[in-house]
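Enquirer: Got a structure here, written out as structure tokens. Questions coming.
The values are calculated or read from the model by the stated rules, or taken from the named source; none is laboratory data. All figures in this text were calculated on a predicted structure; none of them were measured in a lab. Here the Cβ positions follow ideal geometry from the backbone for every residue, glycine too, while neighbour counts run over all protein chains shown.
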Ligand SMILES: [Zn+2]
């Protein structure tokens with residue numbers, strides 16, 4: 001392990017509801033996570049006098065990569081990411097099990113976490129997890145390319161990591177995700193408490209897309225498909241018994257998509 005003091009993590013809102021995370025280590029050396037838009041990131045870097053040394057890309061969706069060219073033109077730096085993102089500026093392709101050190105910032109490990117997309121990567125450093133659109137605070141990404149089995153496996157692996165971990169996600173979706181969580185598990189007091197806490201933060205304009213993994217396990221339905229109360233609720237939604245965890249997860253994801261559809265009517 002390198003001996004960098006715990007980094008400071010800055011949250012930069014970009015586009016309509018995306019976040020770019022800046023991991024500031026020693027001597028202002030900084031790692032950028034995702035690059036959906038360059039302008040606000042460049043502004044934040046300049047305002048704080050940061051020295052960007054690398055960017056980590058989680059997946060190929062435009063709202064995570066389309067600012068990369070402008071960002072690296074302004075600040076030339078190494079860009080880590082999946083093979084599918086070479087064409088948008090990734091120069092150091094990484095995948096499952098890779099490890100690398102970014103001087104003055106820290107050691108990083110890469111996990112392949114398919115489900116939202118096939119190429120999705122999650123980056124771990126110290127007690128922090130940058131999980132893009134795989135795990136959301138109180139939710140999970142839609143299954144655009146992957147299967148329910150892949151996403152459940154990815155989420156199980158993240159939830160199974162040891163330590164007092166904090167997750168940093170790609171979008172400000174917590175309010176909507178919790179609305180569904182409370183609908184699916186109306187008697188869960190931790191969800192009710194989190195609804196109040198997130199509402200208070202949002203009314204102050206604060207981001208809520210980072211949280212402890214411990215809180216996620218208590219309140220995120222997509223990490224709770226084996227919890228009897230939620231399992232029964234999923235069975236009630238489907239109108240049938242479900243013996244298989246992957247099936248339960250797939251139905252839960254359908255239920256959330258239905259719920260979001262109804263919410264927009
Ligand atoms: Zn995405």
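Enquirer: I'm trying to understand the selection: among the residues of the range 4-41, which are assigned to a loop (DSSP other than H, G, I, E, B) and closer than 18 Å to residue 80 by Cβ?
Expert: Selection gives 4, 7, 25, 34, 35, 36, 38.
Enquirer: What's the number of the condition residue 111 fails, among (1) in a helix (DSSP H, G or I); (2) in contact with a strand residue (DSSP E or B) (Cβ under 8 Å, 6 or more places away or on another chain); (3) surrounded by fewer than 24 Cβ atoms within 10 Å (Cβ to Cβ)?
Expert: With respect to (1) in a helix (DSSP H, G or I); (2) in contact with a strand residue (DSSP E or B) (Cβ under 8 Å, 6 or more places away or on another chain); (3) surrounded by fewer than 24 Cβ atoms within 10 Å (Cβ to Cβ), residue 111 is out only on (1).
Enquirer: If you check residue 178 against the conditions, is it within 16 Å of the ligand (Cβ to nearest atom), in a helix (DSSP H, G or I) and within 23 Å of residue 20 (Cα to Cα)?
Expert: Against the criterion (within 16 Å of the ligand (Cβ to nearest atom), in a helix (DSSP H, G or I) and within 23 Å of residue 20 (Cα to Cα)), residue 178 does not qualify.
Enquirer: Considering only residues of the range 140-152 that are away from the ligand (no atom under 13 Å from the Cβ) and buried (at least 19 other Cβ atoms within 10 Å of the Cβ), which is farthest from residue 258 (Cα to Cα)?
Expert: Filtering the range 140-152 for residues that are away from the ligand (no atom under 13 Å from the Cβ) and buried (at least 19 other Cβ atoms within 10 Å of the Cβ), the one farthest from residue 258 (Cα to Cα) comes out as 150.
Enquirer: Sticking with this one: When you scan the range 157-166, do you find a residue that is within 15 Å of the ligand (Cβ to nearest atom) and in contact with a strand residue (DSSP E or B) (Cβ under 9 Å, 6 or more places away or on another chain), even just one?
Expert: No - not one qualifying residue is present in the range 157-166.
Enquirer: Which of (1) crowded, with 24+ Cβ neighbours inside 10 Å; (2) without any contact (Cβ under 8 Å) to a residue 40 or more places away in the chain does residue 136 not meet, given it meets every other one?
Expert: If we test residue 136 against (1) crowded, with 24+ Cβ neighbours inside 10 Å; (2) without any contact (Cβ under 8 Å) to a residue 40 or more places away in the chain, just (2) comes out false.
Enquirer: Can you tell me how many residues within the range 72-99 are assigned to a strand (DSSP E or B), away from the ligand (no atom under 16 Å from the Cβ) and buried (at least 17 other Cβ atoms within 10 Å of the Cβ)?
Expert: 2
Enquirer: Check 176, 104 and return the single one that is surrounded by 15 or more Cβ atoms within 10 Å (Cβ to Cβ), within 25 Å of residue 8 (Cβ to Cβ) and modelled with pLDDT of 95 or more.
Expert: Of the residues listed, the single one that is surrounded by 15 or more Cβ atoms within 10 Å (Cβ to Cβ), within 25 Å of residue 8 (Cβ to Cβ) and modelled with pLDDT of 95 or more is 104.
Enquirer: Right, something else. Return the total of residues in the range 42-71 being more than 18 Å from the chain's Cα centre (by Cα), within 22 Å of residue 116 (Cβ to Cβ) and either more than 16 Å from the ligand (Cβ to nearest atom) or in a helix (DSSP H, G or I) (or both).
Expert: Within the range 42-71, residues that are more than 18 Å from the chain's Cα centre (by Cα), within 22 Å of residue 116 (Cβ to Cβ) and either more than 16 Å from the ligand (Cβ to nearest atom) or in a helix (DSSP H, G or I) (or both) number 1.
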